[in-house]
Every structure is written in C-alpha cells, then in structure tokens.
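Peer 1: Handing you this structure, nothing more for now.
Values in this text are rule-based calculations from the coordinates and carry no lab data. All values reported here derive from a predicted model rather than from experimental measurement. Glycine gets a Cβ as well: all are built from the backbone with ideal geometry, and neighbour counts include every protein chain shown.
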Amino acid sequence: MEKFLREGGEPEFLSRRLSGYITPDGRIFLSDGFNLLIKRGFDLVFSLFFIVLIMSWLFPIIALIIRLESKGPIINKQLRHGRGNKTFRCYKFRTMVKYQEDADNRVTQNDFRITSFGKFLIKSSLGDIPQFINVFLGDMSVIGPRPHAVPMNYMYSKDISNYMFRHIVKPGISGLAQVKGFSGEISSFYDIYGRIKLDHFYIRNWSLMLDFKILFWTIGSFFKMNGHSY
C-alpha cells in the first residue's frame with residue numbers, strides 16, 4: 001500500500017487531439033475514446049442487469065422499511081462532482097432521521113441522526129444501490145473514484161496537488177481506494193491523501209480486467225458486511 005502513497009508523480013498533459021490525458025511517454029489514460037466506449041458498454045449491461053434482476057424487488061422492500069421507520073424522502077439526491085467537474089445529483093437511500101443538504105452535513109460513524117435501519121444500509125453498502133440508476137443514465141460508472149460532496153472537493157483541492165485529476169473520469173459506485181481500505185469517515189489527512197493517490201493510480205492503470213477485479217473485491221466486501229459509505 002505504501003508505494004501508492006509516496007509523494008511526487010509524473011505530470012499530466014491535456015491533449016486536444018486525443019480528447020484525453022497522456023503521460024510524457026505517450027500512454028493514454030481512461031479518457032481515450034475507445035476505452036470510454038468499452039467502459040460505457042460494461043456499465044450499461046451491468047447496471048441494466050442489476051436494475052432488472054435485483055433492484056426491481058429489493059428497492060420496494062428497502063423503501064418500505066425506510067418509510068415505516070421514519071418520516072422523510074426515500075431517496076436523497078446529493079450534489080456531487082462528476083466527469084469534467086460537472087455536477088449531478090447522486091442518488092442514495094436516506095439513512096438519517098432528518099437530512100439537511102449543506103456544507104456542514106458530513107455524516108460520521110456514530111452520528112446520532114442515523115436510523116437503526118440506516119446503520120444497516122451503511123454497513124452493508126445497500127444505501128448506495130440507487131446509484132445504479134446514475135450509472136444507467138450516464139452520470140456514473142460501476143467502478144471508478146467515489147464521488148465526493150462538492151464542498152469537500154473544494155476544500156481538499158487546496159491541500160492536495162492535482163486533486164481534481166480524479167474528475168477526468170466518471171465517478172463510480174465502488175473504486176480501488178474503497179476495496180483497499182480507504183472508505184468511510186475521513187479522520188485524518190492520510191485518509192483522504194491515500195484515497196486520492198489510489199484514485200489516480202486507477203485512472204493511469206485502467207483496464208477492463210482491473211474493473212472486474214475491483215468488482216470481485218467489492219462483492220467480497222459486501223458479504224463481509226464491512227461497507228462504510230458515510
């Protein structure tokens with residue numbers, strides 16, 4: 001893990017001809033058109049499969065439990081940065097008694113606002129499954145850097161060099177940083193720095209096989225019930 005967290009790294013250059021970022025030695029990142037086409041095809045097939053075969057019956061069950069436990073909307077629509085720093089509404093099941101979308105509304109592990117069922121949704125990561133709708137609509141990918149809240153991006157971009165490089169690709173429901181332990185509540189600079197370094201590593205080294213590996217690791221984490229999507 002330490003090798004991903006070392007300071008430094010090669011610069012990125014914007015190439016208008018290739019419509020993406022390349023390294024000094026000519027390697028093209030995930031923003032290359034052919035790579036994007038492959039990834040979008042995978043996203044469409046997998047999200048449609050999930051929505052039809054799993055969300056079609058699981059969504060109503062979760063929605064009913066949320067509504068019976070506390071008043072409020074079933075789905076929260078949170079403003080996040082997507083590809084190219086464009087904002088979109090990220091869908092999540094409501095996990096708190098009362099939700100107020102503002103810059104200081106960061107959720108912590110022992111937040112008193114989290115409902116009993118909300119704790120289960122967070123621990124199991126089931127609270128994120130409405131994001132497969134975001135994937136189908138094209139706002140997100142199945143695998144990619146997790147989308148951060150807009151105020152969080154503005155805050156950390158001042159302290160971490162090239163922080164916004166993670167936004168040259170679509171954000172994902174799961175990512176390399178999350179399956180390698182950098183998920184959940186950010187309690188130190190090391191937490192966010194490690195997450196960003198792994199996000200950058202993913203973009204530079206993307207392949208369809210890497211996406212399959214991360215998906216496999218994500219499924220394993222689900223069955224271990226160690227999700228931390230605060």
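Peer 1: Starting from the Cα of Glu69, step 7 Å along the direction of its Cβ; do the same at Arg113; then give the gap between the two resulting points in nm.
Peer 2: It works out to 1.6 nm between the two label points.
Peer 1: Taking the Cβ of Gly41 as the center, what net charge do the other residues with Cβ under 14 Å away carry, scoring Lys and Arg +1 and Asp and Glu -1?
Peer 2: Once positives and negatives cancel, what remains is +1.
Peer 1: If we sort 132-141, 119-128 on the protection proxy, mean other Cβ atoms within 10 Å, highest first, what's the order?
Peer 2: By packing density, highest mean first, the sequence is 132-141, 119-128.
Peer 1: Please compute the length gained on full extension between Arg89 and Asn162, using 0.36 nm multiplied by the number of residues separating them and subtracting their Cα-Cα distance.
Peer 2: 23.9 nm
Peer 1: Taking 7 Å along the Cα-to-C-beta vector as the label spot, tell me the Leu137-Val97 distance in nanometres, rounded to one decimal.
Peer 2: So the two model labels end up 3.0 nm from each other.
Peer 1: With +1 on the Cβ of every Lys and Arg and -1 on the Cβ of every Asp and Glu, and nothing else charged, how large is the dipole of the stretch 57-203 about its Cα centre, in debye rounded to the nearest 20?
Peer 2: 220 debye
Peer 1: Could you compute the FRET efficiency for Lys77 and Val45, with r as their C-beta to C-beta distance and R0 at 25 Å, rounded to 0.05?
Peer 2: Efficiency, rounded to the nearest 0.05: 0.50.
Peer 1: Three principal axis extents, largest first, for the C-alpha atoms of the stretch 71-209, in Å?
Peer 2: So the three principal-axis extents are 43, 33, 26 Å.
Peer 1: Please give me the summed charge of the neighbours of Gln178: other residues whose Cβ is under 11 Å from its Cβ, Lys and Arg +1, Asp and Glu -1.
Peer 2: +1
Peer 1: Would you mind computing, in nm to one decimal, how far apart the modelled labels at Ser207 and Lys180 are, each placed 7 Å from Cα along Cα→Cβ?
Peer 2: 1.6 nm
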